[in-house]
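The values are calculated or read from the model by the stated rules, or taken from the named source; none is laboratory data. As the structure is a prediction and not an experimental result, all values here were calculated from the model. Here the Cβ is made from the backbone with ideal geometry for all residues, glycine too, and neighbour counts use every protein chain on show. With ligands, DNA and RNA removed, areas are computed over all heavy atoms of the protein, side chains included. Shrake-Rupley method; radii C 1.70, N 1.55, O 1.52, S 1.80 Å.
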Amino acid sequence: MSTDLRPFVLPQFGIFAQGTHAHRFLEFDLKPGVDAAQAVAAFRQLRTPDVSAGGVNLVAGFGAELWRSVSPSGAPADLTPFESITGRDGHTAPAAQHDAWLWLSGAEPDVTWQSARAAALAVQDAATVAAEQPGFTYQGGRDITGFIDGTANPPVRRAADVALVPPGHAGEGGSHVLAMRWVHDLVAFNQLSVEEQQRVIGRTKADSIELSDAEKPPTAHIARVEMTVDGEELEIFRRSVPYGDADEYGLYFVAFSAERSRYDLMLERMFGNASDGLRDRLTDFSKPVGCAYYFAPSLNALAEAAGPE
């Protein structure tokens, strides 16, 4: 009788936390002269009660160069920085890659703000805040276009299979993160009739029912982002939230995947670089202004890479 003595690999549980209404995303650049191990050690301490008190969930991700330098055997082979995308008709997804990324989510914006401030102070010797974006839930889970967001997300019971690198692979228990800030042109989108908006998205606006194949154009958003290879659907786990003020607003898109290649395929199809040459029509009304890839390692890998406390 054999016994598997390998340690149980624990993911970052905040990836799957539900029911949070206030969000804050921070991206960091390392300070000159700070080595990778020192930086990861600084971010690991964010799991102390002083930073994550008050029911706030925290997920930390690292850029490819930083994570590979501290955990060469624990970095997936396909982990790379985000490279800017130019579509065939000029639509773009610009890279805004930084060294580290934090997602804090909780019940109230004052608590997430306080935790974000504490996090920035805790790592200030190693890194500086390069970008920050608060977010919120809108009308019970809708995007500010009025459509329900994430309808096709896998249920929580299957989310880990979709989001986490499987056992036996480099980076097991970790997750590839895609972070993109999209800016909506609501004036232009709201000039469309509801029926035409539904053709842009591929679902009904009121109750998020997928349009029939006859009604749904091949350029509809869900027709471009729902992908099947060799008869198997390639899923990602979306955790996006709206953001904005009176002048600029949109969606902070966040997704977790067991494989980075799923994002590459999705973005090819969205921006018209796939073999069929079709582009997601939603990009006529929403544009990304900053995109990055990060890796959210397992708690085991994070502790090992950071060294003894």
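Overview of values
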| read-out | value |
| --- | --- |
| Accessible surface of the chain, 1.4 Å probe, proportion on carbon and sulfur as whole % | 51 |
| Extended-chain gain in nm, criterion 0.36 nm per residue less alpha-carbon gap, GLN124 and ARG157 | 8.2 nm |
| For segment 85-104 and segment 211-287, distance of Cα centres in Å | 14 |
| Probe 1.4 Å, accessible area per residue of segment 125-196, Å² | 48 |
| Equivalent ellipsoid dimensions for segment 151-226 as semi-axes, Å, which come from the Cα gyration tensor, largest first | 32, 16, 11 |
| Added length on full extension, which subtracts the Cα-Cα distance from 0.36 nm per residue, ALA131 to ARG47 | 28.1 nm |
| Local net charge near GLU210, Cβ-Cβ under 13 Å (Lys/Arg +1, Asp/Glu -1) | 0 |
| Gyration tensor over alpha-carbon atoms, the chain, equivalent ellipsoid semi-axes in Å | 32, 22, 19 |
| Summed residue charge, Cβ within 13 Å of PHE136's Cβ, Lys/Arg positive, Asp/Glu negative | -3 |
